[in-house]
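What follows is one structure encoded as C-alpha cells, with my remarks underneath.
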Amino acid sequence: MSTVRTLCGLLALAVASCGCRGGQSHPASEDGAAGRNDSHQRMLDLLDDIKQRVPEENTELGVAHLKEAESEYAALSQNALPQRRLQLMLVTGNHYLRLGRTQEAVSRLTDAYDLLRQSGTAVDPQLREVVLFKLALAHLRSAENENCIRCCNKDSCVFPIQGEGVHENREGSEQAVVYLKQLLDANPDHLPARWLLNVASMTLNQYPDEVPARFVIPPQEFESEEPFPRFYNIAPKLGLDTISLAGGAIVDDFDGDGWLDVVVSTWDPAGQLRYFRNAGDGKFDEQTDEAGLTGIYGGLNMVHADYDNDGDYDILVLRGGWLLSGGPFPNSLLQNDGRGRFRDVTFDVGLGDRHFPTQTAAWADYDNDGDLDLFVGNERARSQLFRQEDGIFTDATQEAGIHNVQIAKGVVWGDYDGDRFPDLYISNMSGSNRLYHNNRDGTFTDVASQLGVTGPRMSFPVWFWDFNNDGALDLFVSSYWMGVQYVAADYLGIRSPAEPLCLYQGDGAGGFRETAAEMNLTRFAQPMGCNFGDLDNDGWLDFYLGTGYTEYEGLMPNLMFHNQEGRRFADVTTAGGFGHLQKGHGVAFADIDHDGDQDVFAEMGGWFPGDAFSNILFENPGFDNHWIEIKLVGRESNACAIGVRIRADIEENGGERSIYRWVNSGGSFGGNPLRQHIGLGDAERISQLEIHWPMTGVTQEFRDVPVDRRVEIVEGADAIRELD
C-alpha cells in the first residue's frame, strides 16, 4: 500500500479496511497435509497456515505495511519538505495505533504535531486537521485502555458516561480534549471532532458545563423516550468478559444439560473460537479445548442449527467478511456429538470445495423435505444455496435461479406469504436488496422491486419477525452509512444524506408497507450485530443494535428499542444502560440464569488489534410478567424446528390477544437460543397454544397450558413435557 493511497484514506477519514486485501487462502489441494482424509485435521492445517501468514500478509493485523512506511520515513532526507515528513509521520502513527502500539502512536503523532506548529501555514489545512484528529484519537484510545479495559466496571464505556464510568486515569482524555478543541477552533463544522469532544468531556465529568457552548450537544438529546429499568454488565462476574476483536456470538444449550452455553468468535484469522459451558451455578467454565475447538480460528459471524437431525446444535463459522478479494477463507461446519464436543466436517459434507469471503448465512428447509438447507451470502462473489440430502450439501444456486453477486451483509429466511415454503431476503451493501420468493418447485423469483423492499441501498443486518403480533411476518432492514458525523448530526437535528432504517410491515398475503417513521424508528444507526427478544416479558418483541464501524472514531452508543404494544418503538438506550460505546457485533437475547427473563449478551471489539474490547452481558432486573420457554423437536420436520410457527392465545386485563413466534435464532448477526422464550404479560395461563409445522401443514393444539416454565413439544405428540 503506497503512502499516497494511505494518506488519501486518512484525509477522507474513510474506512480503509473495506477494500483492503487480507491474507490469501486457496482451496486445499490433495497434496501434503491439506489433503489428509480427516476433515477436522485438514481444516486445522489450513487455518494454521492462514494464521502463520497473518503477520506479513494481513493488512489490518500484520506489520508489513508498518515496516514499509517506517522504511520510507527513515529514508527521508534532511531536506524533505515538511508536508512530506508529516505525511509519513501520520501514516506510521496510524499504523501503530491500529496495531495497538498506542504509546508509540502517541509519540509519533506528537512529533507530527510539533512539526505542524513549526511549519505554520506551509502545511495543507486539511492535513493539519487529520494530524490533530488522529492525535486526539490516540490519546482517547489510551484513556480507554487505562480506564475501560484494565479497570472495567459496570458503568465503563456506557453512554452517557457517568458514575463509575468517569475516568480515574485522566491524562488520555485531557489531552484528547486539548487537540479536539484546537481542531474545532479552526473548523467548527467538524462533526466527528465535536462528537468526540462531548464524549471525552463525559469521561472527565466535565460534560456539559465545561464544553464550549457552541460545541456542546445538549444532554436532553440523549434522554430515553420512556422510563426503563437499568441493566448492568455482569460479564466480569461470570468470566464471560473475554477481550477480542469483532466476532460472532451464539447462546444455546450445546451439551444437552438444559443450561445455555456461550460460543464466541473473532474475525482475527489467528484468533481462537471459544466455548463457555454454563455450569448452572451462576458461573461459566471455558471448555474450548475439551470441546475439540482448539485450532479453530477466525470467524466474523456464526450461525447454528441441528443440520444432521441428531438432536443437538451444530455451528457454522463464517470467515473473510469485509476482506472481499483478500478473504477467500474456508468456512467451518462444526458437528456436535451431543455432549458439546465438536468435529469440523466441512470437507466431508461438501461445503469446503470453494472459499469466498462471507459473514452471513442462514438455515432453512426450503424444499420441505425434512432436513435443513443452507444459504451463504458471499461478498463480491456469487452467493450460494446449498441443498442438503442425507448429510451432503450440493450447490443448487444456479438451478434455483438465485443470482446475487454483490456484497451480501445479511441473509434471512421467512415465509412472508404464508404458503408454508420459506422465502429468502438478502441485504446487500451498495446495491438493491433482494427478496426471493420460493416457487415451491426448487426455484426462486426475485420480487423485491415488485414489493417495494429493495432499500436501504447501504444496508447490513436484517431479520424477519412479527413485531405487531398480527400473525404476519414483518421485515426489518437496517441502513449502514459509515461515519460518526451522521450520529452527531442526528443528535443535533442536522439533516444528513444517510438513509434511515426500514421496517416493512407484512400483510400476510405477500405485501409489505414501509413503516419505520410511523413506528418512531427515526434514530440514525450504524448497526452490525443485532438481535431481538422480549425484555419485559410483555409479549412484544424489542430489539438491540450493536453499532460502529472499523475506524477508531466510530464510538457511538449501541441502541435498544422497546416495543410499545406494536404501536411504536421507544428508544430506551440511556435509561436502560444499554448505550455501550464500543463496537457491538454478535448479539443474543437469552435467559442465561434461568430466572424467567431474557438477558442480553454482546460480543464486542473493533477491527484492528488496538481496538479490542471485552464482551458484555446485561443482566435483566426482572419485570414480574409471566413467560413460557418452548423447545420444539421435529420428527418429520427438521429436528430443531426452524421455520415452525408458534401461536399463544392468552387472556389479559379482561381481553384476549395472540402472541406469535417463528422458530429461528433471531437477527442476521448473533444467535439467540432456538428454544423460544415467549413473554405472556399478566396472563396466568395460555388458553390455547398452537404449533404449526409448515413441512406437513399440521397444527398441534394444546389448551390451558401453565406458564412460568420450560417445556418440550415433540412433533405429533399429544402432550407437553415439562423440563427441569
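The values are calculated or read from the model by the stated rules, or taken from the named source; none is laboratory data. Source: prediction; values computed, not measured. Glycine also receives a Cβ, built like all others from the backbone with ideal geometry; neighbour counts cover every protein chain displayed. The protein model used for the area step is the full one, side chains on, heavy atoms only, and it has no ligands, DNA or RNA in it. Shrake-Rupley method; radii C 1.70, N 1.55, O 1.52, S 1.80 Å.
Here the dipole of region 88-168 is about 220 debye; that uses its Cα centre as origin and unit charges on the Cβ of Lys and Arg (positive) and Asp and Glu (negative).
Taking region 592-629 and a reference point 7 angstrom along Cα→Cβ of GLN103, no backbone N atom is nearer than 16 Å. Seen from VAL572, the other residues with C-beta closer than 12 Å to its C-beta sum to a net charge of -4, counting Lys and Arg as +1 and Asp and Glu as -1. Sorting 324-335, 230-241 by their mean Cβ neighbour count within 10 Å, with the most densely packed peptide first, gives 324-335, 230-241.
With the convex hull drawn over the C-alpha atoms of the chain, the volume per residue is 142 Å³. Selection among GLY298, ASN331, PHE276 by position relative to the dipole of region 271-378 gives GLY298 as farthest towards the positive end (Cβ unit charges, Cα centre). Counting Lys and Arg as +1 and Asp and Glu as -1 over every other residue whose Cβ lies under 11 Å from the Cβ of LEU116, the net charge comes to -1.
Report, in deg cm²/dmol and to the nearest 500, the calculated mean residue ellipticity at 222 nm for the chain, where each DSSP H run with n ≥ 4 adds -39500 (n - 2.57) and the sum is divided by the residue count.
It comes out at -6000 deg cm²/dmol, rounded to the nearest 500.
In loop segments of region 548-596 as defined by DSSP, there are no chymotrypsin sites (Phe, Trp or Tyr not before Pro) with at most 15 further C-beta atoms inside 10 Å of their C-beta. The alpha carbon gyration tensor of region 215-327 gives principal lengths a ≥ b ≥ c with a/c of 1.5 or higher and a/b no greater than b/c, which makes the shape oblate. Ranked by the mean number of other Cβ atoms within 10 Å of their residues, highest first, the peptides 206-218, 137-149 fall in the order 137-149, 206-218. For region 607-718, the Cβ-based charge dipole about the Cα centre amounts to some 400 debye (Lys, Arg positive; Asp, Glu negative; other atoms uncharged). With just the Cα atoms defining each centre, how far is region 313-330 from region 142-205? Give it in Å. Result: 34 Å between the Cα centres. Rolling a 1.4 Å probe over the protein heavy atoms of the chain, with every protein chain left in place, gives an accessible area that is 45 percent carbon and sulfur. For the chain, the longest principal axis of the Cα atoms and the long axis of helix 125-144 meet at an angle of about 60 degrees. Answer with one residue from LEU127, ALA105, CYS151: the one whose Cα lies farthest towards the positive end of the charge dipole of region 65-171, charges on Cβ with Lys, Arg +1 and Asp, Glu -1. Ranked along the dipole, the leading option is LEU127. Considering only C-alpha atoms, what is the centroid distance from region 559-624 to region 656-696, in Å? Using only Cα atoms, the two centres lie 20 Å from each other.
Pairs of Cα atoms nearer than 8 Å and 6+ residues apart set the relative contact order; for region 667-722 it is 24 percent. Considering only C-alpha atoms, what is the centroid distance from region 374-440 to region 479-512, in Å? Here the answer is 24 Å between Cα centres. Extension gain, ASP257 to ASN205, is 14.1 nm, computed as 0.36 nm per intervening residue step minus the present C-alpha separation.
Normalised by the number of residues in the chain, the average gap of Cα pairs under 8 Å and 6 or more apart makes the relative contact order 12 percent. The heavy atoms of ARG274 offer some 70 square angstrom of accessible surface to a 1.4 angstrom probe. Using the 1.4 Å probe convention, the accessible area of the chain works out to 35 Å² per residue with neighbouring protein chains retained. Selection among VAL411, ALA575, VAL487 by position relative to the dipole of the chain gives VAL487 as farthest towards the positive end (Cβ unit charges, Cα centre). Between ASP595 and GLN118, the simple spin-label model (points 7 angstrom out along Cα→Cβ) gives 6.0 nm. Taken over the alpha carbons of region 137-239 as equal point scatterers, the Debye sum produces base-10 log I(q)/I(0) values at 0.16, 0.19 Å⁻¹ of -0.73, -0.96. When the square roots of the Cα gyration tensor eigenvalues are ordered a ≥ b ≥ c, the ratio a/c for region 562-656 is 1.5 or more and a/b does not exceed b/c, which makes its shape oblate.
Highest mean first, the peptides 462-473, 437-448 sorted by other C-beta atoms within 10 Å per residue fall in the order 462-473, 437-448. For region 549-595, applying the loop criterion from DSSP together with a ceiling of 16 other beta carbons within 10 Å to the GluC sites (Glu not before Pro) yields GLU565.
Taken about its Cα centre, the chain carries a charge dipole of about 3360 debye when Lys and Arg each add +1 at the Cβ and Asp and Glu each add -1 at the Cβ. Is the shape of region 376-459 rounded, prolate or oblate, going by the alpha carbon gyration tensor and its root eigenvalues a ≥ b ≥ c, with a/c under 1.5 for rounded and a/b larger than b/c for prolate? It is oblate, given that a/c is not under 1.5 and a/b is not larger than b/c. Considering only alpha-carbon pairs that sit under 8 angstrom and 6 or more positions apart, the relative contact order computed for region 287-382 is 25 percent.
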